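The values are calculated or read from the model by the stated rules, or taken from the named source; none is laboratory data. Since we're looking at a predicted model, the values are computed, not measured. So basically every Cβ, Gly included, is an ideal-geometry build from the backbone, and we count neighbours across all protein chains shown.
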Amino acid sequence: MEVEKGTMLPLMEDFYTIQGEGFHTGTAAYFVRLGGCDVGCHWCDVKESWNADLHPPTSVPDIVSKVSGIAKTVVVTGGEPLMWDMTALTSAIRQAGMRAHIETSGAYPVTGEWDWFCLSPKKTKLPVDDAYAKADELKVIIYNRHDLVFAEEQASRVNKKAVLFLQPEWSKKDQVTEMIIEYVKANPKWRISLQTHKFLNIP
Ligand code: SF4
């Protein structure tokens, strides 16, 4: 199967926009969203990504040809992109002179060569060890107070160079943002990440 080899990937959508969250907030990036995820976050805002069969297998050259000449950075997201072998995709992105970034829960073995690795761990399916080791950025979504405990557990596992972010879950932002502000003031190793693309009403 071409999909299993990672030379065809279930492409859900792709679009050029502004990175809304995390370390690279505010910078232009081309997003490639792949279908398939079994992590099962109840607050997931892209549940339509979960069933990979709904998204057409698309060849790596076809994906990269959409991006070439448009963007300097490609953000591969999902779904959970590490369900697929990312070797061919990252190699093609980098050969085309672009940077390959990933947004992942880290729940699957890490494949591909990444210029930026954003690890966003989820309680339902924890990251593999290699994901903690490779993370440039740890982004923990805060839905309730207990998620701060989870965030500290995850920070203790990630490599020491990773930049640490707490991000209010969008539907709960009015309830949890104040708590996060106070937490970051008391624990300044953390930064706040906001979903600025949603405030800007862009994808
Ligand atoms: S890992 Fe991401 S795509 Fe998968 S269920 Fe959680 S939020 Fe949704």
Test of understanding: among Pro57, Pro61, which residue is surrounded by fewer than 20 Cβ atoms within 10 Å (Cβ to Cβ), touching a Leu at 6+ places or on another chain (Cβ under 8 Å) and modelled with pLDDT of 95 or more? Pro57
Restricting attention to region 144-189, which residues are surrounded by 12 or more Cβ atoms within 10 Å (Cβ to Cβ), in contact with a helix residue (DSSP H, G or I) (Cβ under 8 Å, 6 or more places away or on another chain) and over 26 Å from Val46 (Cα atoms)? Arg157, Asn159, Tyr183
I'm trying to understand the selection: among the residues of region 45-96, which are touching a residue at least 60 places away in the same chain (Cβ under 8 Å) and polar (S, T, N, Q)? Thr87
Which condition breaks for Tyr143 when tested against (1) farther than 22 Å from Met86 by Cα; (2) within 13 Å of the ligand (Cβ to nearest atom); (3) within 16 Å of the chain's Cα centre (by Cα)? (3)
For Ser59, are the conditions met, namely being touching a strand residue (DSSP E or B) at 6+ places or on another chain (Cβ under 6 Å), more than 23 Å from Thr177 (Cβ to Cβ) and among the polar types (S, T, N, Q)? yes
So which helices (runs of 4 or more DSSP H) stay within region 109-203 end to end and still have 1 or more residues that are within 30 Å of Val60 (Cα to Cα)? 129-134, 196-200
I'd like to check something: does region 9-32 contain any residue that is part of a loop (DSSP other than H, G, I, E, B) and more than 18 Å from the chain's Cα centre (by Cα)? no
Here the residues within region 178-198 that are free of Cβ contacts under 8 Å to residues at least 12 places away in the same chain and of a type outside the set (Asp, Glu) are Ile181, Lys185, Ala186, Asn187, Pro188
Filter region 12-45 down to the residues that are near the ligand (Cβ under 8 Å from one of its atoms) and surrounded by 17 or more Cβ atoms within 10 Å (Cβ to Cβ) and list them by number. Cys37, Val39, Cys41
Determine if region 46-54 includes at least one residue that is away from the ligand (no atom under 16 Å from the Cβ) and either of a type outside the set (S, T, N, Q) or over 25 Å from Trp190 (Cβ atoms) (or both). no
